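Notes follow the structure.
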Amino acid sequence: MGVKYDTTMFEGEPICGAAVRKEIEGILVMSDKPKTQEHIKVDQDLCVGCRLCYELCPTGSYEMTDEGKADWSQFGMGHCGECGLCRYICPVDAIDWNYPEGGTGKIHQWA
Ligand code: SF4
Ligand code: SF4
């Protein structure tokens with residue numbers, strides 16, 4: 001059980017067309033149980049500041065620090081859609097990516 005995902009919480013430039021985003025409205029459901037643990041961590045020593053995660057994350061979950069490193073901790077818990085894109089694109093494997101603890105976060109299903 002959950003509530004229908006509010007796509008207005010997406011930030012940043014959309015990376016898919018209107019037709020796809022309309023479909024997403026119907027299939028992403030948010031769990032009633034909020035996440036309690038960060039499920040993504042950026043290794044600040046490995047990050048080379050390429051900005052790919054920051055520029056391409058469809059939910060605007062990353063920001064860049066004054067030191068030029070990616071930071072997920074400020075917005076990620078509330079915004080991350082768990083798509084896995086950041087994990088895939090990071091060129092230096094600096095992103096430790098895990099699913100949220102059981103029963104929390106997004107649930108992908110037909111609503
Ligand atoms: S998993 Fe997807 S939505 Fe979540 S931070 Fe990474 S790119 Fe953004
Ligand atoms: S994609 Fe990887 S190296 Fe590039 S800014 Fe993000 S965490 Fe850093």
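Test each condition in (1) within 21 Å of I107 (Cα to Cα); (2) out of contact with any Gly (no Cβ under 9 Å at 6 or more places or on another chain); (3) at pLDDT below 75; (4) not aromatic (F, W, Y) for G17 and report the one that comes out false. Single failed check for G17: (1). Filtered by the rule that a residue be assigned to a loop (DSSP other than H, G, I, E, B), farther than 11 Å from C47 by Cβ and not small (G, A, S), the range 63-111 gives D66, Q74, F75, C80, E82, C83, N98, Y99, P100, E101, Q109, W110.
Looking at the structure I just gave you, is L52 surrounded by 14 or more Cβ atoms within 10 Å (Cβ to Cβ) and either modelled with pLDDT under 90 or more than 18 Å from G105 (Cβ to Cβ) (or both)? Answer is yes for this residue.
The single condition among (1) over 18 Å from I107 (Cβ atoms); (2) modelled with pLDDT under 80 that I24 does not satisfy is (1). Filtering the range 59-111 down to residues that are under 13 Å from the mean Cα position of the chain (by Cα) and basic (K, R), which residue is farthest from ligand 2 (Cβ to nearest atom)? Within the range 59-111, the match that is farthest from ligand 2 (Cβ to nearest atom) is K106.
The values are calculated or read from the model by the stated rules, or taken from the named source; none is laboratory data. The structure displayed is predicted, hence computed values, not measured ones. Note that we place each Cβ from the backbone using ideal geometry, even for glycine, and neighbour counts take in every protein chain shown.
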